[in-house]
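Q: Below is the structure I would like to discuss, written out as C-alpha cells.
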Amino acid sequence: MKRKYDRELFAERVSLIKSLMPQACVAADLIVGFPGETDEDFQDACDFIESTGISYLHVFSFSERPGTPASKMENKISKQKIKERSKILHQLSEKKKDEFYKQNINSNCKVLFESAKRNGMMFGFTENYIKVKTTFDEELINKIVIVKLKELDEYGVFKVEIKSELK
C-alpha cells in the first residue's frame, strides 16, 4: 500500500512509547480486505497486533474506489470475507481495549469533563483517552480534575471517584 514504514519500525515505536509512557493509549488504523490479502496475511496481522502494546484499533473495511490503483488489482476479497475479518478485528480491538482499561483500574488521572448530561451522568476523557463518567455536577464542566478510576460499567466506561480539582 506504499507506506513509508514497515511493521518492525511500527512495533519498535509502539514499544518505545510504552517504555517511556506505560499508560499511553496507542491506537492504530487498519484496513481489512485489501486486494491480495490472503488468509495467512490476515492471521499474521492478527498475531502481530496481539504481540504489540496497541490499546485498540480503528478498523476500516477496504472499499474499492474507481480509478485508483487498487481498483485495478487482482485477487479482490469478497465482501462477505471482508465482513468476517472486520468482525474478528473488532473483537480483537475490544479485547486489547479491555486489557488496556484493566491496567488502569485504581489509577489517578486528570480528566476534562464535558457539559453533556445523559441519565444524570457526565462524561470525560483522561489524558490517555480513557472514557469516564460520574454523577453530573455543573461545577465540573470544562474543568480538569483528578479522578480515581474505580470500575468499568457494562458499556466499558469507567466510573470514577473525584479526588481533587486542579488549581
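Q: Without any contact (Cβ under 8 Å) to a residue 24 or more places away in the chain and over 30 Å from Lys150 (Cβ atoms): is that true of Arg65 in this structure?
A: In short, yes.
Q: Quick check on Gln23: is it surrounded by 14 or more Cβ atoms within 10 Å (Cβ to Cβ), assigned by TED's automatic domain parsing to the domain that holds Lys81 and either in contact with a Phe, Trp or Tyr (Cβ under 9 Å, 6 or more places away or on another chain) or closer than 22 Å to Glu94 by Cα (or both)?
A: It is true that Gln23 is surrounded by 14 or more Cβ atoms within 10 Å (Cβ to Cβ), assigned by TED's automatic domain parsing to the domain that holds Lys81 and either in contact with a Phe, Trp or Tyr (Cβ under 9 Å, 6 or more places away or on another chain) or closer than 22 Å to Glu94 by Cα (or both).
Q: Answer yes if at least one residue in region 30-40 is surrounded by 15 or more Cβ atoms within 10 Å (Cβ to Cβ), among the aliphatic types (A, V, I, L, M), modelled with pLDDT of 95 or more and in a loop (DSSP other than H, G, I, E, B), and no otherwise.
A: No: zero hits.
Q: I would also like to ask the following. If Arg65 satisfies every condition in (1) surrounded by 12 or more Cβ atoms within 10 Å (Cβ to Cβ); (2) modelled with pLDDT under 95; (3) touching a Ser or Thr at 6+ places or on another chain (Cβ under 7 Å) but one, which is the exception?
A: Tallying (1) surrounded by 12 or more Cβ atoms within 10 Å (Cβ to Cβ); (2) modelled with pLDDT under 95; (3) touching a Ser or Thr at 6+ places or on another chain (Cβ under 7 Å), Arg65 fails exactly one: (1).
Q: Could you say whether any residue in region 116-132 is modelled with pLDDT of 95 or more and basic (Lys, Arg)?
A: No, region 116-132 contains no residue that is modelled with pLDDT of 95 or more and basic (Lys, Arg).
Q: Would you confirm, using the coordinates I've provided, whether Asp47 is under 19 Å from the mean Cα position of the chain (by Cα), outside the structural domain of Val157 (by TED's automatic domain parsing) and assigned to a strand (DSSP E or B)?
A: When the stated conditions are applied, Asp47 does not pass them.
Q: Which of the residues that make up region 50-81 are assigned to a loop (DSSP other than H, G, I, E, B) and under 21 Å from Met21 (Cα atoms)?
A: Thr52, Gly53, Ile54, Ser55 - these are the residues of region 50-81 that are assigned to a loop (DSSP other than H, G, I, E, B) and under 21 Å from Met21 (Cα atoms).
The values are calculated or read from the model by the stated rules, or taken from the named source; none is laboratory data. What you see is a predicted model, and the numbers here were worked out from it, not measured in a lab. Please note: Cβ atoms are built from the backbone with ideal geometry, for glycine as well, and neighbour counts cover all protein chains shown.
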